[in-house]
1. Residues in region 111-140 that are within 16 Å of Leu77 (Cα to Cα) and hydrophobic (A, V, I, L, M, F, W, C): how many?
2. Can you go through Tyr279, Tyr241, Tyr319 and tell me which one is over 24 Å from Asp210 (Cα atoms), among the hydroxyl-bearing types (Ser, Thr, Tyr) and touching a strand residue (DSSP E or B) at 6+ places or on another chain (Cβ under 9 Å)?
3. Hey, can you tell me all the residues within region 231-253 that are assigned to a loop (DSSP other than H, G, I, E, B) and touching a residue at least 12 places away in the same chain (Cβ under 8 Å)?
4. Restricting the first residue to region 348-359 and requiring it to be buried (at least 19 other Cβ atoms within 10 Å of the Cβ), which pairs with a second residue that is modelled with pLDDT under 95 and not in a strand (DSSP E or B) meet a Cβ separation below 8 Å and a spacing of at least six or different chains?
5. Which count do you get for residues in region 358-382 that are among the basic types (Lys, Arg) and modelled with pLDDT of 95 or more?
6. Just the residues that are over 17 Å from Gln247 (Cβ atoms) and either in a strand (DSSP E or B) or open to solvent by less than 10 Å² (accessible area, probe 1.4 Å) (or both), please, taken from region 360-372.
7. Restrict the check to region 313-335 and report whether at least one residue is of a type in the set (D, E, K, R), under 20 Å from Gly190 (Cβ atoms) and touching a Leu at 6+ places or on another chain (Cβ under 7 Å).
8. Of all residues being out of contact with any Ser or Thr (no Cβ under 8 Å at 6 or more places or on another chain), open to solvent by less than 60 Å² (accessible area, probe 1.4 Å) and not small (Gly, Ala, Ser) in region 143-165, which is farthest from Asp117 (Cα to Cα)? Just the residue, please.
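The values are calculated or read from the model by the stated rules, or taken from the named source; none is laboratory data. Predicted, not measured: the structure shown is a model, and the values here were computed from it. In this analysis, Cβ positions are derived from the backbone assuming ideal geometry, glycine residues included, and neighbour counts consider all displayed protein chains. Each accessible area value is taken on the protein alone, full model and side chains, heavy atoms only, with ligands, DNA and RNA left out. Shrake-Rupley method; radii C 1.70, N 1.55, O 1.52, S 1.80 Å.
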Amino acid sequence: MNTGRHPSQRRGHLVPSRALTLLLALTVVLTGCTGSRSSPGTAATPETSTSQGTAPATPASPQIPEVARKLDAGLQLPWSVVFLPDGTAVVSERDSAQVKSIRNGQTTTVGEVPGVDPGGEGGLLGLALSPGFATDRWLYAYFTAPDDNRIARMKITEDTGGALALGEAEVIFSGMPKASTHNGGRIRFGPDGFLYVGTGDSQRREQPQDTNALGGKILRLTPEGRPAPGNPFGNNPVYSYGHRNVQGLAWDSDGRLWASEFGPDVDDELNLITPGGNYGWPTVTGAPGRSGLIDAKVVWPSTSDASPSGLEIVDGVAYTGALRGQRLWAVPLEGESAGSPVAYFTGQYGRLRDVARAPDGSLWVISNNRNPDFALILRVTP
């Protein structure tokens, strides 16, 4: 696929043959280190992964995740997991349109979201809990409808026996473009109390650069579905643009928003999000250093190593599940910079769709396409 880049061109003086040989050798070394079409030195690239997930013994290495439990939850194509205040996991299933709960290792059906039209990468996708869930009981869901992608909210009720159920669905935002692929789907409330929404370009390559279109964006909404005050383009839900297919959203301890994103046949990305920022798609991918466009902080040159999905940040480390890559990536963060990604569990558990922190501090990783799918419950220790 054409990524919109042109090979770099270099002008210089003629040099003696010995110096030329050294220059060529250095060029080969640098090329081998980056392994990417992106400009060398503009973004971190992955460490060589191992099946056991042993991290390099350096101070910058992330903490090592260990599997505390593999929970055979009997899920079918799960997409997103969130946690109630009591620790109950609530999971969306893409094709069944059902919301499941996992409590004390037992999986039950909470309800089915109406109006879901599954197909391809579409269906029931991201979930988010209201910041005031303890009192308002709102569960938000991003889903593919017959004509578009939408966000609805529903009350989660609980009877005297502890059984959960879904209330009536209220669509709060619609009109996000749909297709068989590139539907985006991740939603999450930020520290500011507003709802952030990752959308895909839905194979409409003209949309990501159009700030009046909803495809290829991160949106920022009020809990009622209106453009949030302070958005960079006025009374417009768009928060950042030039995205291809945003799959993960998470904030670091200083309130900075990071997002994982699918590239085309090259250059999956981890991005630090700036309000009003243009992340380049479809003009560029990765970190080419193009004026006016924001480079990714991490670039995975080969999508077979990543296809990063759900994202969680714990103690300064960004964890993202990899679908095609079938591993968990851990990226140490320091301020606005990202260190070298390290892979864990490569090829051991199949496609990994979502990563989320539970109230007890454990890290849940949801598998995808094992049918039935399961949850890995991880401990993260120094």
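1. The number of residues fulfilling the criteria is 5.
2. One residue alone meets the criteria, Tyr319.
3. Start the filter on region 231-253 by keeping residues that are assigned to a loop (DSSP other than H, G, I, E, B), which leaves 231-237, 242-244, 252-253.
Hits for region 231-253 are Asn231, Pro232, Phe233, Asn236, Pro237, Gly242, His243, Arg244, Asp252, Ser253.
4. From region 348-359, the pairs are Arg351/Asn369; Arg351/Arg370.
5. 1
6. The initial filter retains those residues of region 360-372 that are over 17 Å from Gln247 (Cβ atoms), namely 360-363, 370-372.
Scanning region 360-372 gives a single hit, Leu363.
7. Within region 313-335, the first condition is being of a type in the set (D, E, K, R), and the residues that meet it are 315, 324, 327, 334.
Adding the requirement that they be under 20 Å from Gly190 (Cβ atoms) leaves 315.
Now drop any that are not touching a Leu at 6+ places or on another chain (Cβ under 7 Å), which leaves none.
There is no residue in region 313-335 that is of a type in the set (D, E, K, R), under 20 Å from Gly190 (Cβ atoms) and touching a Leu at 6+ places or on another chain (Cβ under 7 Å).
8. Here the residue is Ile156.
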